[in-house]
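Chemist: Got a structure for you, written out below as structure tokens; questions coming shortly.
The values are calculated or read from the model by the stated rules, or taken from the named source; none is laboratory data. For clarity, every value in this text was computed on a predicted model and none was experimentally measured. All Cβ positions, even for glycine, are placed from backbone atoms using ideal geometry, and neighbour counts span all protein chains on display. Please note that ligands, DNA and RNA were not included when accessible areas were found on the heavy atoms of the full protein model with its side chains. Shrake-Rupley method; radii C 1.70, N 1.55, O 1.52, S 1.80 Å.
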Amino acid sequence: MADKPTKGLADVVAASTALSDIDGKAGRLFYRGYDIHDLAGRATFEETAHLLQRGKLPTRQELADYGAELVRGRELGALVSANIAEIAEKQKPMEALRSLVSLAGADDPDKDSIAPEANLGKAARLTAQQPLLVARYHAARKGIDVPEPDASLSIAGNFLLQVTGNTPSPRAVEIFDTCLVLHADHTMNASTFAARVCAATLSDMHSAIVAAIGTLKGPLHGGANEQVMKTLESLSPTGVAEAVREKLAAGEKIMGFGHRVYKTEDPRATHLRRLSEELSADDPTYFRMSKEMEEVVFETKGLYPNVDFYAATVYHYLGIPTDLFTPVFSISRMSGWTAHVIEQHADNRLIRPDSEYIGERDQKWKPIDERQ
Ligand code: COA
């Protein structure tokens, strides 16, 4: 008979990884041994994706080669292009991405291989295509064309250009790039675990990423950033404290707070708070409301904001539509998910845990006409 399970697998070590590490008590996060505080605002998202997928921070030459591979790889395939308009009409953003990544798998030149070289190429293509999929989806639902990418801009810059239709300021690009760096990987979070479970059956990278996207979508995971913005929009700027206290007294969860692993401030929230404050200079209402929410939730429940809380206002101030916040998370986390699939395939064993049976035993079989 199996042991009692730990609900939600809390504290269960489900995999070995060299990709990221969290010190939950000290509130620290590392990608391949680099402190997130050293990377945020210094390494670009492209450098971070290279670090995760290819094992090291790139030299200038390696970054140029990887950048060129990303540019070549962002071309969307025929199946995706043929279906994006209908998908945009019928599916919400995260549902659409789940469908589109699945179609991109069929378009991928290495679709039938999980060999290390094929996986590296697919990881780059998935990372390059995800921002374009979000931008193309958004344009399709609005019935407009996506601006051509600007060769002088990074992934972050081109995404802002293609979603807002305006050339972003250099500082907006830096801020968004930092957001992508901050969301790139996070140990055995639910979507990464889903990706690894799928990959561990020796299924392909696109299938694992589809599993991850479906998992990120939920409001207890990546969907929280969108819910944070909706909460802010639903509150009166002068009634924040009272409304939050009422919600907490009614047993409601406040999205963007609490974390399974951090017992102190999430180090990503520290950066995002600062960036939100900077962007709020001309329009401080939502930032002020967020600060007040943070104070009340801490006073009442002792909970800290997580990555999703201040990401919401940062994205809002950058002009990103609220229902694209979780897709933005997926743009960044694609770098981590794909790196985890590479890692899983490189040293694989099927992930197949046990379960605790809590149902009836020794039931007596009855023919259908004798059942009640
Ligand atoms: N608002 C209010 N109370 C919260 C809370 C929140 N955001 N997060 C946790 N709590 C409370 C729970 O109600 C529970 O209280 P109880 O012991 O009195 O019942 C306790 O803290 C533990 O919460 P639990 O949901 O069991 O913790 P978990 O480790 O399973 O969940 C999260 C972690 C992140 C899912 C959880 O904090 C949450 O739902 N947060 C909101 C969603 C969110 O922001 N997700 C993004 C995560 S990066």
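Chemist: Sticking with the crude label model, points 7 Å out along Cα→Cβ, report the distance from D65 to K25 in nm, one decimal please.
Modeler: It works out to 4.3 nm between the two label points.
Chemist: Further question on the same structure: Given the options A135, S236, L153, identify the residue whose Cα lies farthest towards the positive end of the charge dipole of the chain (+1 on Cβ of Lys, Arg; -1 on Cβ of Asp, Glu).
Modeler: Ranked along the dipole, the leading option is S236.
Chemist: Here's something else I'd like to know. Among A85, A195, A68, which one shows the highest mean-square fluctuation when the chain is modelled as a Gaussian network with alpha-carbon springs under 10 Å?
Modeler: A68
Chemist: Excluding residues on the same chain fewer than 8 positions from K230, give the aspartates and glutamates whose Cα lies under 20 Å from its Cα.
Modeler: Answer for K230, where 20 Å is the Cα cut-off: E95, E242, E246, E252, E277, D283, E292, E294, E295, D308, D323, listed by chain and number.
Chemist: Any idea what the dipole of the chain comes to, in debye rounded to 20, about its Cα centre with Lys/Arg Cβ at +1 and Asp/Glu Cβ at -1?
Modeler: Value, rounded to 20: 580 debye.
Chemist: Taking 8 Å as the Cα distance limit and 6 or more residues as the minimum spacing, I'd like the relative contact order of the chain as a percentage.
Modeler: Dividing the mean separation by the residue count of the chain yields 25 percent.
Chemist: Nothing charged except the Cβ atoms of Lys and Arg (+1) and of Asp and Glu (-1): what's the magnitude of the dipole of segment 1-71 about its Cα centre? Round to the nearest 20 debye.
Modeler: Using only the charged Cβ atoms, the result is roughly 220 debye.
Chemist: Beyond 30 Å between alpha-carbons counts as too far, so tell me which of K25/K291; K25/K92; K25/K247 fall in that bin.
Modeler: Pairs exceeding the cut-off: K25/K92.
Chemist: A follow-up question, please. Measuring from a point 7 Å past the Cα of A106 along Cα-to-C-beta, which residues in segment 66-81 have an amide N at less than 17 Å?
Modeler: What the label zone holds, given the 17 Å backbone N cut-off, is 76-81.
Chemist: Another question, then. Taking a ≥ b ≥ c as the square roots of the Cα gyration tensor eigenvalues, with a/c under 1.5 meaning rounded and otherwise prolate when a/b beats b/c, else oblate, which class fits the chain?
Modeler: rounded
Chemist: I need the shape label for segment 164-284. Rule: rounded when a/c is under 1.5, else prolate if a/b > b/c, else oblate, with a, b, c from the alpha carbon gyration tensor.
Modeler: Note, shape of segment 164-284 comes out oblate.
Chemist: Grab the other residues whose beta carbon is less than 15 angstrom from that of S169, score K and R as +1, D and E as -1, and report the net.
Modeler: -4
Chemist: Could I ask something else about it? When a/c reaches 1.5 or more, the comparison of a/b and b/c decides; with that in mind, is segment 1-112 rounded, prolate or oblate per its Cα gyration tensor?
Modeler: In terms of gyration-tensor shape, oblate.
Chemist: Here's another thing I want to ask about it. Excluding the sites themselves, what is the longest stretch of the chain that contains no chymotrypsin sites (Phe, Trp or Tyr not before Pro) in a DSSP loop with at most 11 other C-beta atoms within 10 Å?
Modeler: 1-356
Chemist: Something else now. Report, in whole Å, the centroid distance computed from the Cα atoms of segment 163-242 and segment 277-327.
Modeler: If you average the Cα positions of each part, the centres end up 14 Å apart.
Chemist: Which of the residue pairs K90/K217; K253/K301; K90/K122; K56/K122; K4/K217 have a Cα-Cα distance greater than 22 Å in the structure shown?
Modeler: K90/K122; K4/K217
Chemist: Right, here's the next one. Enter the accessible area per residue of the chain (Å², integer; probe 1.4 Å; all protein chains in place).
Modeler: Per-residue accessible area for the chain comes out at 49 Å².
Chemist: Full extension from A241 to S169: what is 0.36 nm times the residue separation minus their Cα-Cα distance, to one decimal in nm?
Modeler: Here the segment from A241 to S169 would lengthen by 22.5 nm.
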